[in-house]
Amino acid sequence: MIIGKKLYYFDSIDSTNLYARSLINKAPEGTVVLADQQTEGKGRFGKKWYSPEGGIWMSTILKPGNVSLISITAGVAVCETFHINGIILGLKWPNDILLNGKKVAGILTEIIDDTIILGIGINLNITKFPDELDGIASSIFLETKKHLDKKMICNLLYKQLDEFYSMLKNNMTFEILTKWRHYAVLLGKEVIVEMGDEKLSGRVLDINNNGALVIMRPNGRIDYILGGVCYMKKNDGRF
Ligand code: BT5
């Protein structure tokens, strides 16, 4: 097992992704940076990530070769970790992890040459969120009333990540995508995808081997979308 074999742990840090970046030339693949709290947690596109005590804030240094499915692989590993604990999460392409329609975890991948810094943030036992995240964010504890031990979840997550990451390295894409489909909340749904200034709508058919969202446009055309922000037009109440 390579994930978590080497671990840097902090009570508090600016961002585990930033620290992991500073290690890429000296730390072996699978090195994890873990913190109880982040003062400058990062989301995508320079957004802020609320990271108080009670959450799991971790970054892992990886060299996958094929970078395109890393976020998908990480999402599956997080879902499997909670499934083992009787909690079914949902994956919303490209990087949101939901419970009862609210975001309980997020993934941030940063590519530096042949290295990926995989950031995973999980709102495990957080009890309060700032007003601006009202209705958007929640925690595993708030949604399930289960207080799961952080160390136990971290160890399980390293194991799951290790398993699915080695599948990725061995080109077992089909197995990863099959798991992803099992947890996916957008399949068959009408969505709007924002890519910078461009917006398009359609029905989600699948994701392909590169992690692109496959959508059918209202005119019947099939499009493959590699990145963006995705909204469901209607929520069917399942997630
Ligand atoms: C993400 O960004 O979902 C990626 C989050 C990655 C966080 C991890 S923690 C360890 C590592 N170190 C870091 O510094 N980062 C990574 P994005 O899809 O851009 O979502 C950001 C948006 O989610 C914000 O604009 C808020 O609306 C919302 N948000 C902020 N904090 C949140 C939280 N704790 N839980 C749920 N939603 C949150």
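The values are calculated or read from the model by the stated rules, or taken from the named source; none is laboratory data. Just so it is clear, the model here is predicted, and its values are computed rather than measured. Cβ coordinates were reconstructed from backbone atoms using ideal geometry, including for glycine residues, and neighbour counts include every protein chain displayed. Areas reflect the complete protein model, heavy atoms only, side chains present, ligands, DNA and RNA absent. Shrake-Rupley method; radii C 1.70, N 1.55, O 1.52, S 1.80 Å.
Rolling a 1.4 Å probe over the protein heavy atoms of the chain, with every protein chain left in place, gives an accessible area that is 51 percent carbon and sulfur. Each Cα pair under 8 Å and six or more residues apart adds its separation to the average, and for the range 190-232 the resulting relative contact order is 39 percent.
When the chain is treated as a GNM with alpha-carbon contacts under 10 Å, the residue of Asp131, Asp197, Asp11 showing the greatest mean-square fluctuation is Asp197. Per q in 0.15 Å⁻¹, report the Debye log10 I(q)/I(0) for the chain, using one uniform scatterer on each alpha carbon and no solvent. Computed log10 I(q)/I(0) values: -1.04.
Converting phi to 3J(HN,Hα) with the Karplus coefficients 6.51, -1.76 and 1.60 and the offset θ = phi - 60°, the range 27-32 yields 8, x, 4, x, 4, 10 Hz in sequence order, with x at every glycine or proline. Per the Kirkwood formula applied to alpha carbons, the range 190-232 shows a radius of gyration over Rh ratio, Rg over Rh, of 0.92.
Multiplying the residue separation of His83 and Ala27 by 0.36 nm and removing their Cα-Cα distance gives an extension gain of 17.1 nm.
Label-to-label distance, Asn210 versus Ser12, with points set 7 angstrom from Cα along the beta-carbon direction: 4.4 nm.
Working note: Cα gyration tensor of the range 100-239, eigenvalues times five, square-rooted, sorted largest first, giving semi-axes of 27, 22, 15 Å.
Computed over the alpha-carbon atoms, the range 36-130 gives an Rg to Rh ratio of 0.95, Rh here being the Kirkwood radius from the mean inverse distance. Determine the shape class of the range 1-92: with a ≥ b ≥ c the square roots of the Cα gyration tensor eigenvalues, call it rounded for a/c under 1.5, and otherwise prolate if a/b is greater than b/c, oblate otherwise. It is rounded, given that a/c, with a ≥ b ≥ c, falls under 1.5.
For the chain, the longest principal axis of the C-alpha atoms and the axis of helix 70-83 are separated by about 80°.
Going by Cα centres, the range 70-105 and the range 20-65 are how many Å apart? The range 70-105 and the range 20-65 have Cα centres spaced 18 Å from each other. Taking only C-alpha pairs under 8 Å that are 6+ residues apart, what is the relative contact order of the chain in percent? Relative contact order of the chain: 17 percent.
Separation of the alpha carbons by more than 28 angstrom is noted, of Lys63/Lys179; Lys103/Lys145; Lys5/Lys102; Lys92/Lys128; Lys103/Lys151, for Lys5/Lys102. Using the Karplus relation 6.51 cos²θ - 1.76 cosθ + 1.60 with θ = phi - 60°, the per-residue 3J(HN,Hα) values for the range 199-210 come to 10, 9, 10, x, 9, 6, 9, 4, 10, 9, 5, 9 Hz, with x marking Gly and Pro. Per-residue extension of 0.36 nm, minus the Cα-Cα distance of Asp113 and Lys169, leaves a gain of 18.4 nm for this segment.
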